[in-house]
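These notes concern the structure reproduced below.
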Amino acid sequence: MNLVGSCACASVRQAQGGQNGVLGQFNWIAVLVGGIFNMALGSLWYGPLFGKVWLKAIGKTKDEIQSSIGMYILPLVAGLTSVYALAALISGLHITIWWQGALFGAIAYVGIGATATLIVGTFEASSRDAWLLYTIYQVIVFSAQGVMFVLWK
């Protein structure tokens with residue numbers, strides 16, 4: 001198929017209701033829900049579930065962490081960006097079985113995200129415990145989002 005044919009097919013797919021990105025068609029509402037899920041799980045993970053462990057790992061007290069609405073904007077934008085990328089990859093690779101979505105999400109994070117944060121953390125002499133807590137959190141998020149993108153087309 002030539003470039004004109006590709007553009008015509010993309011226009012037809014968009015008219016049928018989905019978002020057709022370079023890597024495939026996906027649901028924008030699922031992307032937004034994935035971003036909200038990331039933030040909601042993060043507030044539980046670093047709050048009531050593992051907040052004390054996290055604070056100990058980063059060497060801070062609860063009083064030293066100043067929370068404001070502004071500090072959540074950049075993580076929300078970054079989370080939406082990673083959700084969009086994962087949705088586009090899962091769609092573009094034609095992953096259609098829920099467990100493959102979960103596995104792909106985990107592999108994507110471990111292979112790209114975890115290794116990148118480990119490299120930076122090594123040079124910054126960051127806590128390995130904090131890195132491990134963050135990595136487990138992100139593997140859960142990416143796996144759950146992978147399932148969501150397979151099931152919610």
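The values are calculated or read from the model by the stated rules, or taken from the named source; none is laboratory data. Everything numeric here is computed off the predicted structure, so don't read it as measured data. Cβ coordinates were reconstructed from backbone atoms using ideal geometry, including for glycine residues, and neighbour counts include every protein chain displayed.
Contact map, region 53-70: first residue closer than 23 Å to A125 by Cβ, second residue assigned to a helix (DSSP H, G or I) and charged (D, E, K, R), Cβ cut-off under 7 Å, separation 6 or more or different chains; pairs are L55/K62; A57/D129.
Checking Q145, Q100, Q138 one by one, the residue that is at pLDDT 95 or above and touching a Leu at 6+ places or on another chain (Cβ under 6 Å) is Q145 and no other.
Need the failing condition index for K153 against (1) assigned to a helix (DSSP H, G or I); (2) touching a residue at least 40 places away in the same chain (Cβ under 8 Å), just the number. (1) is the only condition that K153 fails.
Can you find a residue in region 97-104 that is closer than 25 Å to L151 by Cβ and not in a helix (DSSP H, G or I)? Yes, the conditions are met somewhere in region 97-104. Say whether the condition of being buried (at least 16 other Cβ atoms within 10 Å of the Cβ), at pLDDT 55 or above and either out of contact with any Lys or Arg (no Cβ under 7 Å at 6 or more places or on another chain) or under 18 Å from Y134 (Cα atoms) (or both) is met by at least one residue in region 5-26. Within region 5-26, one or more residues are buried (at least 16 other Cβ atoms within 10 Å of the Cβ), at pLDDT 55 or above and either out of contact with any Lys or Arg (no Cβ under 7 Å at 6 or more places or on another chain) or under 18 Å from Y134 (Cα atoms) (or both). Which count do you get for residues in region 65-81 that are among the polar types (S, T, N, Q) and under 17 Å from I36 (Cβ atoms)? Selection size over region 65-81: 1.
Looking only at residues that are surrounded by 13 or more Cβ atoms within 10 Å (Cβ to Cβ) and either aromatic (F, W, Y) or outside any helix (DSSP H, G or I) (or both) in region 105-126, which one is farthest from the chain's Cα centre (by Cα)? Break it down stepwise before answering.
We begin by selecting, within region 105-126, every residue surrounded by 13 or more Cβ atoms within 10 Å (Cβ to Cβ); these are 105-110, 112-114, 117-118, 121, 126.
Now narrow it down to the ones that are either aromatic (F, W, Y) or outside any helix (DSSP H, G or I) (or both): 109, 126.
Working: Y109: 8, S126: 22 Å.
Top of the filtered list is S126.
Only a single criterion out of (1) part of a helix (DSSP H, G or I); (2) in contact (Cβ under 8 Å) with a residue 12 or more places away in the chain is not satisfied by L74, namely (2). For region 30-71, a tally of residues being of a type in the set (A, V, I, L, M) and part of a loop (DSSP other than H, G, I, E, B) returns 1. For a quick check of your reading of the model, give me the residue pairs whose first member lies in region 130-146 and is in a helix (DSSP H, G or I), whose second is of a type in the set (S, T, Y) and modelled with pLDDT of 95 or more, with beta-carbon atoms closer than 6 Å and at least 6 apart or on different chains. Once the first residue is in a helix (DSSP H, G or I) and sits in region 130-146, its partners that are of a type in the set (S, T, Y) and modelled with pLDDT of 95 or more give Q138/Y109; V139/Y109; F142/Y109.
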